Amino acid sequence: MIIGNKINQLRKLSGMTQEQLAEKLNISRQTLSKWEAGITMPDLESVLTISRMFQVPLDDLLLEEDTPMEKQTEKITLEDLVKINLHNRNMMLLLTGGLLFLMMSILSAVFIAALSHTTNSTQYMLYRYIAVGEYTSVPVNYLQLLLPSIGSGILGLSLCICYFIKSRKNYY
């Protein structure tokens with residue numbers, strides 16, 4: 001595989017566009033496109049920058065993969081890195097969703113508690129007495145109001161638990 005193909009694979013693996021990588025290398029997008037197509041070769045400084053940026057040894061970038069023995073000694077292939085990247089994105093989405101549902105649950109529970117406190121307060125009862133002539137507060141079923149909050153809290157907690165279970169499985 002020539003260096004242009006390797007740069008192309010590393011760029012795609014990282015999820016960058018040609019324009020983004022060219023900007024990081026301080027070159028034009030057309031120059032990067034020529035490198036990836038094999039029309040021209042990058043200079044040594046650019047190769048060193050790419051090597052550092054993607055944390056790839058210079059040997060892997062510059063040397064051709066001739067023998068099958070070299071392929072067998074590779075520990076992680078680019079396909080493995082793509083799978084790892086996709087898995088990490090899914091895990092982050094799982095954790096973010098869980099935390100979002102937990103925050104929604106907490107905020108709605110706080111709102112309902114504040115509502116409960118307000119309707120039961122003495123000031124509200126005095127207002128009702130002045131306005132309507134009654135001392136009683138309006139009966140509100142706060143458990144019914146809390147059910148969506150409890151449901152979203154359970155959903156958020158279960159998503160977070162799934163995240164931690166899956167992340168522990170990947171450690172061992």
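When the residues Leu93, Leu126, Leu21 are ordered by accessible surface, computed with a 1.4 Å probe over the protein chains alone, the sequence from largest down reads Leu93, Leu126, Leu21.
Surface listing: Lys34, Lys24 arranged by accessible area from highest to lowest gives Lys24, Lys34, probe 1.4 Å. With each label modelled as a point 7 angstrom along the Cα→C-beta vector, the Lys12-Ile161 pair spans 4.1 nm.
When the surface is traced with a 1.4 Å probe over the full set of protein chains, Ser116 keeps roughly 30 Å² accessible.
When Leu159, Leu86, Leu81 are compared by accessible area of protein heavy atoms, the largest-first order is Leu86, Leu81, Leu159, using a 1.4 Å probe. With R₀ set to 35 Å, the beta-carbon distance separating Tyr142 from Leu99 gives a calculated FRET efficiency near 0.85.
The values are calculated or read from the model by the stated rules, or taken from the named source; none is laboratory data. Note that the coordinates shown come from a computational prediction; the quantities given were computed from them, not determined experimentally. Cβ sites come from the backbone with ideal geometry, for glycine too, and all protein chains shown count toward neighbours. Remember, those area values only see protein heavy atoms, side chains included, never the ligands or the DNA or RNA. Shrake-Rupley method; radii C 1.70, N 1.55, O 1.52, S 1.80 Å.
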